[in-house]
Amino acid sequence: MNSNSSTIVETRPVLSVRTGLWWGFVGVVAFSFTVPFTRLAVEGLSPLFVGSARAVIAALLASIALVATRQHLPNMVQWRRLAIVAGGTVLGFPLLTSYALTTAPASHGAIVIALLPAATAIMVVLRTKERPAPSFWIFAILGAVAAVFFAGLQGSGFGNLTWSDLLLFGAVLAAAVGYAEGGLLARELGAWQTVSWALVLAAPLMMALAIVAVIDQPQTGTPLQWMAFIYLGVVSLFLGFFAWYRGLAIGPMTQVSQVQLAQPVMSILWAGLILHEVLTWQTLAGGVAVILCAGLAVRARLFKKGAR
C-alpha cells in the first residue's frame with residue numbers, strides 16, 4: 001500500500017501537482033468556515049466544550065469509517081507520528097482557537113490563518129527534502145504580510161498583543177506541525193485514514209474534556225450555534241481533512257500549503273455574511289492581493305537544483 005501510493009505520486013508529477021492543488025483548495029474552502037463558526041458557537045457554548053466535543057463527533061465518524069472499511073492498524077512508529085498530528089490538529093488548534101475567539105472577532109482571528117501557510121511551509125522544509133526556490137519564499141511571505149495587513153484593517157487592528165493573540169499564534173504553530181506530519185503520513189496510510197486514526201487516538205482525552213465541560217457548565221446554545229458546532233465536528237475536523245491531507249500527500253507540500261492563503265479572505269467574507277461583521281473596500285482589495293500572491297507562490301519553481 002505504501003509503495004503503491006508513493007509510486008503513483010512520483011510517476012505522474014505534472015498531473016499530481018495540479019490535482020494536489022485542487023484537493024488542497026477543496027480543503028481550504030471547508031476550513032474557511034471554521035473561524036466564523038467557532039466564533040458563533042462559543043457565543044452560547046463553552047470554549048472547552050466546542051474545542052473538545054467536536055473532536056468526539058469526528059472521532060465517532062472516523063471509527064465507523066475505519067471499521068466499515070476494515071483498515072489495518074498503523075504500526076508503532078506511525079502511532080507516534082499520529083500523536084503529533086492529533087496534538088496539533090485535534091487538540092491544539094481547536095482548543096486554542098475556541099478560547100481565543102471568545103473575545104476576538106472572527107475577522108481578527110483570520111489574521112492567524114494568514115500566517116499558517118508560511119508556518120506550514122517552514123515545518124515541511126524541516127521535515128522533508130523539499131527545498132523551495134527563493135521566489136517561492138518571496139511570494140509566500142508577501143502573501144502572509146498582505147493577509148495580516150488586510151485582516152488587521154477588517155479586524156481589531158494592530159494594537160497591543162492580547163492573550164487571544166497569543167492563543168491564536170499557538171494555534172498556528174500547532175496546526176502547522178500537524179499539517180506537515182499529517183501530509184507525510186497520508187502518503188503511507190492514506191488521507192482520510194490519517195485524520196481518522198489521529199481522531200481515534202485523541203478520542204479518550206477529548207471525551208474526558210467534553211465531560212468536564214458539560215459538568216462545569218450546562219450547554220444552552222441556540223439552534224444556530226449548535227448547527228455551527230456540528231459543522232466544526234463533521235466538516236472542519238473530519239471531512240475537510242480528507243481533501244486537505246490528500247492535497248498535501250500529492251504535494252509538493254510547500255506549494256499546496258500556499259493555497260491556504262485564500263482562507264483568511266474567505267473567512268472574513270463569511271464573517272461579514274454570517275456574523276454581520278463590517279466589510280470595507282480595503283478588505284476586499286487586500287483579499288485580491290492575497291489571492292494574487294498565493295497564485296504566484298504555487299506557480300513558483302519549487303526545488304533548487306539537485307534537491308529532490
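Read the figures in this text as sums done on the coordinates, not as results from a lab. Quick caveat, the model's predicted, so the values are computed rather than measured. Here the Cβ is made from the backbone with ideal geometry for all residues, glycine too, and neighbour counts use every protein chain on show.
When 266, 123, 227 are ordered from fewest to most other Cβ atoms inside 10 Å of their Cβ, what list results?
With the fewest neighbours first, 266, 123, 227 line up as 227, 266, 123.
Hull volume per residue, based on the alpha-carbon atoms of the stretch 30-117 and their convex hull, is 111 Å³. Among 131, 54, 81, 18, the order by Cβ neighbours within 10 angstrom, fewest to most, reads 18, 131, 81, 54. With viscosity 1.306 mPa s and temperature 10 °C, the Kirkwood radius over alpha carbon pairs of the stretch 75-137 converts through Stokes-Einstein to a diffusion coefficient of 113 µm²/s. Fewest-first ordering of 166, 199, 61 by other beta carbons within 10 Å of each residue's beta carbon gives 166, 61, 199.
Other residues whose C-beta falls under 14 angstrom from the C-beta of residue 226 contribute a net charge of 0, scoring Lys and Arg +1 and Asp and Glu -1.
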